[in-house]
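One structure below.
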Amino acid sequence: MPEIIMPRLSDTMEEGTLSRWFKREGDMVRRGDVIAEIETDKASMELEAYDEGRLTRILVQEGDTVPIGTPVAVIGDGEPEPPAGEAPPAEAEPEERAEPAAEAGAPAAAPPPEREGEAAPRGHAVPPQAPPGRGPGGRVPTSPLARRIAREHGIDITTVKGSGPGGRIVRADVEAAIARRDREKAAPPPAAPTERPAEPAAAPAGRGPIVHETEAPSLPEDADEVPLNRMRRLTAQRLTRSVQEAPHFYLTSVVDAEPLLAYRAELNAALADRGPKISVTDLILKACAVMLREHRALNASWAETRILRHHRVNLGLAVALDDGLIVPVIHDADRKTLTEIANEAHDLAQRARTGRLTLDELAGGTFTVSNLGPFGIDHFTAVINPPQAAILAVGAAKPQPVVRDGEVRPGVTMALTLSIDHRVLDGATGAAFLADLKTLLEQPVRIVV
């Protein structure tokens, strides 16, 4: 029977999280059917079936993370399956017959060995044991990935409390244990060991490793522990790497945004019956695409031993999600009209919030725009999205006095801040780009001509 395996969906993917099953055991599956949703290190992807038949067994449960190549389900030949749970599967029968034979035999035969790499969800062949969180022979039901992470970080798996079905220890449990240990290491040195017995929290426990007993008191009572999901972890890794490796410097310019807002209103009035409204972000994206075509030095990336200046202008658009940050890409933005950019930007942002982006839509960015103006932020500096050379941070357009024709008048201004990787660009190069971008935005008709 063909197995469905965890596929490699990106070059950097080493493991995937099965976030949702669209089929259940016993369902018929046709080739091309979307049967599950996989969360990779970059996006949520749909998993399609390459074989036809009946989904006879699900091997990886929702929320579990497994390495690529791991079987996640089995598709049978389409013959009806016996009712689940009532008639034991054929493979379970020999094990049940073996038990009485063992009782008749010598001492106590070893219980049927649990399969390595699979835990409680196998169901029939491994009945739940009395002690919660422990399998036959005292084994801890644990996912293979959880064991590997625990081993790599020096965590005693027997000290971890499982939150999965039947007390199974999953990746999140191990990561929480690692986080607790790290917090303890980072905390101020504890009092002398001899004083520990006097602490009321440590005294009652009495069994189990000492380290485990001290974990609970180290967690502040007024705090909730939030395990890192893949997106948050990846965002943290990438941005930490960016700040540590790329020497950032920042250039800020204040734009007279009144002409831009007036032009936007004029466009939306004229295009009221054609798709979504043009936003300030759309105009800035289009203006950046135009300027990057003229300032190729900005449309570049750092490649360790060289600098790459890209021929294509692929604009990343930072989209904030509830559980992370994602940057979908508008490819060849310099070749697209304002309305095409607006439609694509809105579509990408919407699908980013529902986890429906493809890997192609997340790859290949050469420059990124991050706009926190809709949140009322006046000014901020953004962290470069590596290996890109620069990112533009856009603040809110707000009423301010401006000088126009030599006179101070009421106006609307907007701060643009360019974060630059000094390994790739120098100040004068970035300043020239920012000055031309400011001019373009203050004469917005030029954006589309």
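Miscellaneous remarks
- Within the straight-line cut-off of under 23 Å between alpha carbons, the lysines reachable from K398 are K277, K286, K438, sequence neighbours fewer than 8 places apart in one chain being disregarded.
- Fraction of accessible area attributable to carbon and sulfur, the range 253-409 (%, probe 1.4 Å): 52
- Förster-model FRET efficiency, 51 Å R0, A272 and E152, C-beta, rounded to 0.05: 0.35
- Residue-span extension gain [L321 to D378] - 0.36 nm each, minus C-alpha spacing: 18.5 nm
- Stretchable slack from D182 to A363, in nm (0.36 nm times residue separation minus alpha-carbon distance): 61.8 nm
- Whole-percent carbon and sulfur share, accessible surface of the range 3-76, 1.4 Å: 41
- Contour minus Cα-Cα distance for A431 and E407 (0.36 nm per residue): 6.1 nm
- The modelled label-to-label distance between I5 and T305, using points 7 Å beyond Cα along the C-beta direction, is 3.3 nm.
- Spin-label model distance (nm) - E294 vs V34, 7 Å beyond Cα toward Cβ: 4.3
- Spatial separation of Cα centroids for the range 231-272 and the range 147-163, in angstrom: 41
- Sequence-distant lysines (8 or more away, or on other chains) whose Cα lies within less than 26 Å of K161: K185
- Accessible solvent surface per residue of the range 247-447, calculated while the other protein chains remain in place, 1.4 angstrom probe, Å²: 45
The values are calculated or read from the model by the stated rules, or taken from the named source; none is laboratory data. Here the structure is a predicted model, which means the values were calculated and not measured. Cβ atoms come from the backbone with ideal geometry, glycine included; neighbour counts cover every protein chain shown. Accessible surface is based on the protein model in full, side chains and every heavy atom, while ligands, DNA and RNA are left aside. Shrake-Rupley method; radii C 1.70, N 1.55, O 1.52, S 1.80 Å.
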